[in-house]
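Everything on this sheet refers to the single structure shown next.
The values are calculated or read from the model by the stated rules, or taken from the named source; none is laboratory data. Here the structure is a predicted model, which means the values were calculated and not measured. Here Cβ is always computed from backbone atoms with ideal geometry, including for glycine, and neighbour counts include all displayed protein chains.
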Amino acid sequence: MTIMEWLTSASKSIDRLDAELILTHFLEASDRSYLAAHADDELPNTAVIDGYVERRAKNEPLAYILGYREFYGRRFFVTPDVLIPRPESEDIIEIVKEQNPSEILDVGTGSGCLAITLTLELSEAHVAAVDISDDALRIAQKNAAHHNAKVEFHKSNLLESYQPKPGTLIVANLPYVDANWDWLDHRTLNYEPDLALYAEQGGLELIYRLIDQAPAECPLILEADPSQHEAIVSYAAKQNRKLVKQQNFIIYLQ
Ligand SMILES: C[S@@+](CC[C@H](N)C(=O)[O-])C[C@H]1O[C@@H](n2cnc3c(N)ncnc32)[C@H](O)[C@@H]1O
């Protein structure tokens, strides 16, 4: 079977783009343009990639099938123990870079994509990261080693076991999904860990607890659904925090 024939057949059950990404990965090509340039090349045994197509057709995220996802231009290993990094979280990196802080803490680090990217983008900054999940911390450490990024990882339930120094910029993409939101594609979300997605109180429980725990002199950059921002800003106002900036999914509170 040629590359073109395989792509045509795979595209009957999954997105063409996903089929191209699977094949690019399998052939260890640098990008998808290789496929068009070699459309008539014969493929070796396709059993492995046919298996990938079957899994994708059952809605398993491509990132878990391939074992990685790009975030801010770098590749991060992912397994079903961690959330798949989302493009909307890249705004956190942009906002932190504008601030150029010397101390950063990432709360709920998951794959480590935020902490590791910030370490690499802001080479002068000291970056620490916490997560409540041992399995997530293992993946984050593997990613840090892969990128040669010096991040201090700790196991902690929010800030219970790790206290940031005064002035530390805290970033957090904590679980903020309300299990009752019916507009989400739960077929895909079902593959990601509940611990990384869902929170009580309309999705805001952990964000509220972090606002309560964070020292007053530590600014907070939080990700949440834009529909939740107003509630977060008014909750934070009770702790004398004010909104500095709002950008897509991200809010920056001082
Ligand atoms: C939405 S994921 C974000 C992962 C990563 N920061 C990212 O942006 O892709 C939330 C992470 O918070 C962690 N988490 C959930 N509850 C927590 C808690 N009480 N304390 C610390 N981490 C928690 C989960 O294990 C998960 O890794």
| request: Go through L114, L23 for me and flag whichever is buried (at least 22 other Cβ atoms within 10 Å of the Cβ) and within 12 Å of the ligand (Cβ to nearest atom). | output: L114
| Does the range 123-130 contain at least one residue that is under 17 Å from the mean Cα position of the chain (by Cα) and within 12 Å of the ligand (Cβ to nearest atom)? | yes
| query | Restricting the search to the range 150-159, which residues are more than 17 Å from the chain's Cα centre (by Cα) and either surrounded by fewer than 13 Cβ atoms within 10 Å (Cβ to Cβ) or farther than 23 Å from H229 by Cβ (or both)? | reply | K150, E152, H154, K155, S156, N157
| task | Could you tell me whether the range 208-218 includes any residue that is closer than 21 Å to R69 by Cβ, touching a Leu at 6+ places or on another chain (Cβ under 9 Å), crowded, with 20+ Cβ neighbours inside 10 Å and not β-branched (V, I, T)? | result | no
| Residues D212, D182, D225, D178: which one is touching a residue at least 24 places away in the same chain (Cβ under 8 Å), out of contact with any strand residue (DSSP E or B) (no Cβ under 9 Å at 6 or more places or on another chain) and not polar (S, T, N, Q)? | D212
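Here is a yes/no grid of residues against (1) within 30 Å of H126 (Cβ to Cβ); (2) small (G, A, S); (3) in contact (Cβ under 8 Å) with a residue 60 or more places away in the chain:
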residue: R187; (1), (2), (3): no, no, yes
residue: A216; (1), (2), (3): yes, yes, no
residue: I221; (1), (2), (3): yes, no, yes
residue: E230; (1), (2), (3): no, no, no
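Residues in the range 131-159 that are within 8 Å of the ligand (Cβ to nearest atom) and of a type in the set (K, R): how many?
0
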| note | Among the residues of the range 67-76, the number that are more than 9 Å from the ligand (Cβ to nearest atom) and under 19 Å from V107 (Cα atoms) is 1
| message | Of everything in the range 219-245, what is of a type in the set (D, E, K, R) and either surrounded by fewer than 20 Cβ atoms within 10 Å (Cβ to Cβ) or assigned to a helix (DSSP H, G or I) (or both)? Give them in sequence order. | response | D225, E230, K238, R241, K242, K245
| note | The residue from L23, L66 that alone is in contact with a His (Cβ under 6 Å, 6 or more places away or on another chain) and modelled with pLDDT of 95 or more is L66
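Conditions (1) more than 13 Å from the ligand (Cβ to nearest atom); (2) among the aliphatic types (A, V, I, L, M); (3) free of Cβ contacts under 8 Å to residues at least 24 places away in the same chain, marked per residue:
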| position | (1), (2), (3) |
| --- | --- |
| P80 | no, no, no |
| E90 | no, no, yes |
| E98 | yes, no, yes |
| I104 | no, yes, no |
| V107 | no, yes, no |
| task | Scan the range 160-206 for residues that are more than 20 Å from the chain's Cα centre (by Cα) and within 12 Å of the ligand (Cβ to nearest atom) and jot them down. | result | E160, S161, Y162, E200
